[in-house]
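Beneath this line is the structure, given in structure tokens, with notes to follow.
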Amino acid sequence: MLVLSITASIFLIVGGLLLYALIRFRHRSTDSDREPPQIYGSDQIELAWTVIPILIVVMLFLSTARVILGTERISKPTSALDVTVIGHQFWWEYRYPKFGVVTANELHVPTSDPGNPTPTYLKMSSADVSHSFWVPRLAGKMDLIPNRVNTMWIDPEQPGLYLGQCAQYCGTQHAKMLLRVYAQTPEDFAAWIKQQQKSASQDLSSNTAAVEGQTVFLHNACINCHTVAGTIATGRFGPDLTHLASRDTLASGPIQNTPENLKNWISDPNSMKPGALMPSMHLSGHDLDAVTAYLITLH
Amino acid sequence: MANATPVMEAIDETLAGKRPVFEVVYEWATTVDHKKIGLMYIFLALIFLIVAGIEAILMRIQLAVPNNHFISPQVFNQLFTMHGTTMVFFMGMPILFGFGNYLVPLMIGARDMAFPRLNAFSFWISAFGGLLLYFSYFGASGLYGAGSAPDVGWFAYAPLTAKVFSPGHSTDYWTLSLLLSGIGTIGTALNIVTTTICMRCRGMTMMRLPLLVWLFLITSCMVFIAIGPLTAAQIMLTLDRYIGAHFFDTQAGGSAVLWMHYFWIFGHPEVYILVLPAFAFVNEIVPVFSRKAIFGYPAMVAATVAIGFISLSVWAHHMFTVGLGAAGNTFFVFATMVISVPTGIKIFNWLATIWGGKIHFATPMIFCVGFLFQFLIAGLTGIMLSAAPFDWQLSASYFVVAHFHYVLVGAIVFALFAAFYYWYPKVTGRMMSETLGKWHFWLFLIGFHLTFDFMHVPGLLGMPRRIYTYEAGRGWEMWNLIVGIGAIFQVVGTVCFIFNLIRSCFRGEIAGHDPWDAWTLEWATPSPPPSYNFAIEPTVHSRRPLWDLKHPEDPDSDYE
Ligand code: HEM
Ligand SMILES: [Cu+2]
């Protein structure tokens, strides 16, 4: 705010003087042909407009430095929730080490009220190229850089969905590496964690299509890249699918999670998100229906 | 024929069958005359300005509405990479060296550059670099698949440039073309420094140099320091890609942050390398059209030197979101804020130069006025960004894009246009049309503000840069549409300018040697100047030699 008001007033003063000078001293046709008096400079004036800006700069600097050092010095309360964020081309991986939960693309965090803060502490890195985590309404951005762990705090007070997206150019689909943060009341958050901790390999026997789909899934390249906890699928190149059906969107935000979209995605990811690193899976129509039927059971 | 331009002379003679085309081309291709080399630089830069401008328009069309399918993501990424690279390396630097080449020897009363053949070599190798960059469009899947044009951004952050993430040759085109043009840049900078130091005419002490020459001198010194790290980084990257070195290859333990340091140690001074020549033009034009001596000449020189030094120590303000830690960030915040002091001094001195003058609003001057206001705003949004907490929000967003285009277009391009209108009569012997010039100014001004004022807003609303499309419903649509419309105004303005350039070459009013009633030495030779510049080497007694001649009753030398 200080920065804003200072820059605005400098603009008004200097801009105003400039405008005044341009109008006041414009050449009129009635003017004589004589050249105006020549003035070569003045040491006092020069000194004044060196020293005053220096003072303003020092003031701005001190106030900025206070914010920077303040941000750095916050110590980590024991009530904080730890989340590991890993950037991938072009999706997000989230790990909750304390709860043993792994998910992708949709980050759930508890809201905290000032009396009883439960901030979320993000530890961020990247699996491939640099990315940047930016949810404007929650915090500034922080880069995710391979071989390096950066940290930052988020601490939403209002429940709701906060949108953002990757802010560091990371390749073809940088534009669709969207971010969705769901801030939930502590109760809702606890319920969400409970549900994510449940095994996904529930009893499917009543659902023949899903059983068949599971077989297709486990016998195709899907498992090279995706994990479904409790099965032999433990790939880590793509998003964890354990609780896929509990998410609102696919492929990091741009696609609604509907059975129709799932089907299109699996048969040709590049038509929905050109440049996405998942290959088209050439499944027969029947297998495709079955896989979809399986995936939508993964709550 | 006395007042024909060398270009026109060549055209006329060829048309009349007096000289075969081949001979004319041969003459230009082998010339070592600093004026011809300067013109070739400017011509090259104008071509690239048009090309990179078309790239910008294509991007704005794509972003004008959400979820547009006009351009594929791959092609969009190539467009912004090529646009940025071209504007910085093949528009900005060549045009500045073009003007430097043309004007520096004339303004210091010399007959040529210190090393004419090095000068020609520098031009041709830079031109070849630019050609190589665009040749990439023909590689791999050819022009319609957009070939293997680079798509890693003009900053080419590691590790996106590593072989695993950028297979094929697109990144190599980028690296090699900049490596080549870097060699040319160093050569020209060396030439300008040597010429300024060694070839001044009698009486031209350092403190009597026209400010333009001072600014080109300092810019050239900065080139020496800045291009080195870039060249080093290019070579390291090539080693990474071809013999498996691991400087920046994070998959093998290399460092992504190392690349950022190298790049911005070059990249930040580069911004000032581009902006100082813009200051240089304004320093010459504002006094002439205000009919006053520049206010505070020594302070202007000192401020320039200070900017040169400080700009070398601010690079990490591009890296506030990298997690350098509080101490690092705080230092770079300070350095960045301090640079606004000498910059402010310049603005105040221009203001004081205008104050009490008799301002003639000819086309070169109105472009300078545009420059002054826009540069003021750019500087202030710059101060805002230099406060790291602001930057954590706004870096890599459209706010930053708006900020630096305020500098690059609002300041540099406006100053360049002013320079074109101001020196055109010297170069061609004919005036550019004032009417077309004013049309150009107003269209471009309106376009500029529609585009770049409104671009701050989506930035504040969370729109990151370098995205090829966006979803509807985040509040960005309207702003992007306005920005797109502004771009069209700028195009129309530029068309007026190009038309004016060509038309005036044939139809412009004959200029005479000093149409603006100016004061520096280039106006003491005929327009266009003969190949030897001055029949008799001039002798000067003050900063404004032609003022002394015109006002023998009140010579400048009494006040220095
Ligand atoms: C039939 C087998 C497969 C199925 C059913 C499948 C399913 C899915 C689904 C549902 C998503 C969206 C996940 C989300 O948004 O959270 C996804 C994303 C992804 N998958 Fe697969 N997948 C399969 C095979 C593969 C293979 C073989 C690879 C690796 C080569 C792969 C790599 C990826 C990647 C990188 C993404 C993230 C794309 C992005 O958002 O940019 N998938 N997959
Ligand atoms: Cu990303």
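The values are calculated or read from the model by the stated rules, or taken from the named source; none is laboratory data. What you see is a predicted model; the values in this text were computed from it and never measured. Ideal geometry is used to build each Cβ from the backbone, glycine not excepted, and the neighbour counts take in all protein chains shown. Surface accessibility is based on the protein's heavy atoms, side chains included, excluding ligands, DNA and RNA. Shrake-Rupley method; radii C 1.70, N 1.55, O 1.52, S 1.80 Å.
Across the options A:Val102, A:Thr120, A:Cys166, the greatest Cα extent toward the positive end of the charge dipole of segment A:81-189 (unit charges at beta carbon of Lys, Arg, Asp, Glu) belongs to A:Cys166. Shape class of segment B:35-558 from the alpha-carbon gyration tensor: prolate, with a/c at 1.5 or above and a/b greater than b/c. Each residue of segment B:539-547 was assigned a 3J(HN,Hα) from its phi angle through the Karplus expression (A = 6.51, B = -1.76, C = 1.60, θ = phi - 60°), giving 10, 10, 10, 7, 6, 10, x, 6, 5 Hz with x at Gly and Pro.
Among A:Arg180, A:Arg34, A:Arg95, the residue with the largest mean-square fluctuation in a Gaussian network model of chain A, with springs joining Cα atoms closer than 10 Å, is A:Arg34. Estimated at the nearest 10 Å², the accessible area of A:Ser9 is 50 Å² with a 1.4 Å probe. Segment B:330-380 and segment B:432-447 have Cα centres spaced 22 Å apart. Cross-link partners among lysines for B:Lys358, C-alpha distance below 21 Å, same-chain residues fewer than 8 apart left out? Counting by Cα, and skipping residues close in sequence, B:Lys358 has these lysines nearby: B:Lys292, B:Lys346, B:Lys438, B:Lys550. Given points 7 Å out from each Cα along the Cα-Cβ axis, report the B:Leu312 to A:Ser9 separation in nanometres with one decimal. Rounded to a tenth, the inter-label distance reads 3.6 nm. The residues neighbouring B:Thr85, those whose beta-carbon lies less than 14 Å from its own, together hold a net charge of -3 under the Lys/Arg +1, Asp/Glu -1 convention.
In this simple spin-label approximation, B:Arg507 and B:Glu537 carry label points 7 Å from Cα along the Cα→Cβ vector, and these lie 4.4 nm apart.
Computed from the Cβ-Cβ distance with R0 of 56 Å, the FRET efficiency linking A:Ser29 to B:Phe138 stands at 0.45. How far is helix B:363-386 tilted off the main Cα axis of chain B, in degrees rounded to 10, range 0 to 90? The answer is roughly 30 degrees.
Normalised by residue number, the volume inside the convex hull of the Cα atoms of segment A:81-189 is 89 Å³ per residue. Heavy-atom accessible surface of B:Tyr559, to the nearest 10 Å², is about 120 Å², with a 1.4 Å probe and all protein chains retained.
In the full protein context, the protein assembly as shown carries 38 Å² of accessible surface per residue, based on a 1.4 Å probe and ignoring ligands, DNA and RNA.
Plainly put, chain A has a radius of gyration that is 1.21 times its Kirkwood radius, both from alpha-carbon atoms, as the Rg/Rh ratio. Report, in degrees rounded to the nearest 10, the 0 to 90 angle that the Cα long axis of helix B:414-428 makes with the longest principal axis of chain B. Result, in degrees: 40.
Peptide B:334-341 is shielded by partner chain Cβ atoms: per residue, an average of 5 of them sit within 10 Å of its Cβ. Label sites at A:Ser205 and A:Ile52, each approximated as a point 7 angstrom past Cα along Cα to Cβ, lie 8.7 nm apart. Rounded to two decimals, the Cα-based Rg/Rh of the protein assembly as shown, with Kirkwood Rh, is 1.02. For A:Ser132, the residues whose amide H sits under 5 Å from its own are A:Leu144, A:Ala167, A:Gln168, ignoring neighbours fewer than 5 places away on the same chain, with H placed 1.01 Å from N. Averaged over the residues of peptide A:145-153, the number of Cβ atoms from other protein chains lying within 10 Å of each residue's Cβ is 5.
Structural size metrics of segment B:413-478, computed from C-alpha coordinates, are Rg and Dmax of 18.3, 56 Å. Given R0 = 41 Å, the distance between the Cβ atoms of B:Arg111 and B:His360 translates into a calculated FRET efficiency of 0.80. Kirkwood analysis of segment A:200-299, using all unique Cα-Cα pairs, places the hydrodynamic radius at 13.4 Å. What FRET efficiency do you get for A:Gln44 and B:Glu471 if R0 is 60 Å and r is their Cβ-Cβ distance, rounded to the nearest 0.05? In this case the efficiency is close to 0.55. Compared with the dominant Cα axis of chain B, that is its longest principal axis, helix B:73-85 is turned about 30°.
The mean number of partner chain beta-carbon atoms within 10 angstrom of a residue's beta-carbon across peptide A:235-244 is 0.
Equivalent ellipsoid of segment B:30-154: semi-axes from √(5λ) of the C-alpha gyration tensor, largest first, are 35, 15, 9 Å.
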